[in-house]
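The values are calculated or read from the model by the stated rules, or taken from the named source; none is laboratory data. Bear in mind that the values here come from a model prediction, so they are computed numbers and not experimental data. Glycine gets a Cβ as well: all are built from the backbone with ideal geometry, and neighbour counts include every protein chain shown. Just so you know, the surface numbers come from the protein's heavy atoms only, side chains and all, with ligands and any DNA or RNA stripped out. Shrake-Rupley method; radii C 1.70, N 1.55, O 1.52, S 1.80 Å.
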Amino acid sequence: KNEVEQSPQNLTAQEGEFITINCSYSVGISALHWLQQHPGGGIVSLFMLSSGKKKHGRLIATINIQEKHSSLHITASHPRDSAVYICAVKHTGNQFYFGTGTSLTVIP
Amino acid sequence: EPEVTQTPSHQVTQMGQEVILRCVPISNHLYFYWYRQILGQKVEFLVSFYNNEISEKSEIFDDQFSVERPDGSNFTLKIRSTKLEDSAMYFCASRRRTGVGGGELFFGEGSRLTVL
């Protein structure tokens with residue numbers, strides 16, 4: 001079993017701030033996913049990472065395989081970024097382990 | 001854009017009743033999943049399905065749960081005799097097996113199950 005820890009659990013930011021959400025896991029993985037869960041409950045995949053860094057618009061995700069750590073950054077945060085951000089890791093098998101999520105609120 | 005669709009969006013049932021949750025994964029995807037999220041808790045893995053059989057399942061996925069892909073498009077989760085603690089949002093997801101790590105996960109909107 002892989003323990004997936006996210007920090008912080010809750011985050012409130014002013015619009016325009018740079019935001020970082022962290023994810024650590026205990027066992028080596030084949031891939032890490034960053035997911036966004038909307039207030040209505042729907043889940044959207046943001047990134048899948050197995051190494052290095054990916055960027056999509058104002059979102060940047062990085063992973064350090066040796067340190068078993070990943071970060072999700074949001075630049076120029078906006079109220080519409082308010083959501084729960086979830087880290088999920090996958091081993092060489094087919095099972096995913098999820099973090100508890102980081103609840104982000106961006107205030108105008 | 002292709003998407004995973006789930007029905008029903010919300011189902012209310014009496015304890016002890018059977019429930020079937022339905023999912024239509026993206027058509028060229030090969031791996032299918034069911035997850036659940038109890039209100040206020042994290043998403044939990046239930047089962048993965050590949051090549052018409054279960055490939056992995058969690059300890060949550062006991063004998064009262066079953067999955068099927070009866071017609072090559074639908075992917076169903078059946079709960080035989082629902083309990084109060086089965087009340088949760090159930091998410092279906094699918095992915096293609098491409099590249100390292102197996103590709104991006106695509107989630108449905110979820111089916112909220114309320115057991116009374």
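In this structure residue B:68 has an accessible area near 110 Å², from a 1.4 Å probe over the protein heavy atoms. Listed values for the range B:29-43 are Karplus-derived 3J(HN,Hα) couplings in whole Hz (6.51 cos²θ - 1.76 cosθ + 1.60, θ = phi - 60°), namely 8, 10, 10, 10, 9, 10, 10, 9, 9, 6, 3, x, 10, 7, 5, and x replaces Gly and Pro. A simple rule links phi to the HN-Hα coupling: the Karplus curve 6.51 cos²θ - 1.76 cosθ + 1.60 with θ = phi - 60°, which for the range A:5-16 gives 10, 10, 8, x, 6, 9, 9, 10, 9, 7, 3, x Hz, with x for Gly and Pro. Scanning residues 5 or more positions from residue B:30 or on other chains, those with amide H under 5 Å from its amide H are B:95, B:96, B:97, with H placed 1.01 Å from N in the peptide plane. Checking the Cα-Cα distances for B:57/B:78; A:90/B:42; A:90/B:83; A:90/B:78; A:53/B:42 against a 20 Å cut-off, the pairs over it are A:90/B:83; A:90/B:78; A:53/B:42.
In terms of overall dimensions, the protein assembly as shown has a Cα radius of gyration and Dmax of 17.4, 50 angstrom.
Centroid-to-centroid, using Cα positions, the range B:16-50 and the range A:35-64 are 21 Å apart. The mean number of Cβ atoms from other chains found within 10 Å of a Cβ in peptide A:34-41 is 3, as a whole number. For residue B:71, the solvent-accessible surface with a 1.4 Å probe is about 90 Å², rounded to the nearest 10.
Summed over all non-identical Cα pairs, the Kirkwood treatment of chain A gives a radius of 13.8 Å.
With only the Cα atoms considered, the range B:1-69 has a convex hull volume of 122 Å³ per residue. About the centre of its Cα atoms, the protein assembly as shown shows a dipole size close to 400 debye [charges on the beta carbon of Lys, Arg (+1) and Asp, Glu (-1) only; nearest 20 debye]. Here's how it looks for residue B:112: its modeled amide H is under 5 Å from those of B:10, B:11, B:90, which are all 5 or more places away or on a different chain.
As an exercise, identify the chymotrypsin sites (Phe, Trp or Tyr not before Pro) in the range A:1-87 lying in DSSP coil whose Cβ has no more than 13 other Cβ atoms within 10 Å.
In loop regions of the range A:1-87 (DSSP not H, G, I, E or B), the sparsely surrounded chymotrypsin sites (Phe, Trp or Tyr not before Pro) are A:18.
With r as the distance between the Cβ atoms of residue A:56 and residue B:30 and R0 = 30 Å, compute the FRET efficiency 1/(1 + (r/R0)^6) and round to 0.05. Calculated transfer efficiency: 0.80.
Taking 0.36 nm per residue of separation and subtracting the Cα-Cα distance, full extension of the segment from residue B:54 to residue B:84 would add 8.3 nm. Taking Cα centre as origin and charging only the Cβ of basic (Lys, Arg, +1) and acidic (Asp, Glu, -1) residues, the dipole magnitude of chain B rounds to 80 debye. The calculated FRET efficiency for residue B:114 paired with residue A:100, based on their beta-carbon distance and R0 = 22 Å, is about 0.45. Computed 3J(HN,Hα) for the range A:68-78, one whole-Hz value per residue from the Karplus formula 6.51 cos²θ - 1.76 cosθ + 1.60 where θ = phi - 60°, is 6, 8, 9, 10, 10, 10, 10, 8, 6, 4, 9, glycine and proline marked x. Sequence-distant contacts, meaning Cα pairs under 8 Å at least 6 residues apart, place the relative contact order of the range A:1-66 at 22 percent. Computed from the C-beta positions of residue A:17 and residue B:76 and an R0 of 45 Å, the FRET efficiency is 0.55 to the nearest 0.05.
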